[in-house]
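Visitor: Before anything else, here's the structure in question.
The values are calculated or read from the model by the stated rules, or taken from the named source; none is laboratory data. Note that this is a predicted model, so its numbers are computed, not measured. Counting neighbours? That spans all protein chains shown, and the Cβs are built from the backbone with ideal geometry, glycine included.
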Amino acid sequence: MFLLLGRYLKPVDEVEEHLDAHRAWVRDHVKAGVFIAAGREIPLQGGLIVATGVTPDEVDAIIAKDPYFIQKVAEYDVREYDVVLATPGTEALQG
């Protein structure tokens, strides 16, 4: 499992110019079953994506196509975890 910790590099109003394209990118990966959760940080300084079923190289390739990353308004700190325990219904975290 990977946590993609996004951090904005530009003011929020500049980031939000790319919000629709970024959300479409997120939705595409949710539909593909790779992203299992995504959300904005509070207070708004970035966001979080939980990804499963991919390799580190695949995560890098996915991030490279994020409109936020392409437009240089956000960067990601990617962390990989080996989930050894999950509650019923969250078994995908162990993949």
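Visitor: Working only within the stretch 33-69, note down all residues that are among the small types (Gly, Ala, Ser), under 11 Å from the mean Cα position of the chain (by Cα) and surrounded by fewer than 17 Cβ atoms within 10 Å (Cβ to Cβ). Can you show your working first?
Guide: We begin by selecting, within the stretch 33-69, every residue among the small types (Gly, Ala, Ser); these are 33, 37-39, 46-47, 51, 53, 61, 64.
Narrowing further to those that are under 11 Å from the mean Cα position of the chain (by Cα): 37-39, 46-47, 51.
Listed by number, the residues that qualify are Ala37, Gly39.
Visitor: Going by what's in this entry, would Lys72 be described as within 24 Å of Asp13 (Cα to Cα), touching a Lys or Arg at 6+ places or on another chain (Cβ under 9 Å) and modelled with pLDDT of 95 or more? Walk me through it before giving the result.
Guide: Working: within 24 Å of Asp13 (Cα to Cα): yes; touching a Lys or Arg at 6+ places or on another chain (Cβ under 9 Å): yes; modelled with pLDDT of 95 or more: yes.
Criteria met by Lys72.
Visitor: Can you list residue pairs whose Cβ atoms sit under 7 Å apart, with the first residue in the stretch 1-20 being more than 30 Å from Ala86 (Cα to Cα) and the second being of a type in the set (Val, Ile, Thr)? Count only pairs 6 or more apart in sequence or on different chains.
Guide: Tyr8/Val15; Tyr8/Val73; Leu9/Val73; Lys10/Val73; Glu14/Val73; Val15/Val73; His18/Val73
Visitor: Please count how many residues of the stretch 20-32 are aliphatic (A, V, I, L, M) and either exposed (fewer than 13 other Cβ atoms within 10 Å of the Cβ) or in a loop (DSSP other than H, G, I, E, B) (or both).
Guide: Of the residues in the stretch 20-32, 2 are aliphatic (A, V, I, L, M) and either exposed (fewer than 13 other Cβ atoms within 10 Å of the Cβ) or in a loop (DSSP other than H, G, I, E, B) (or both).
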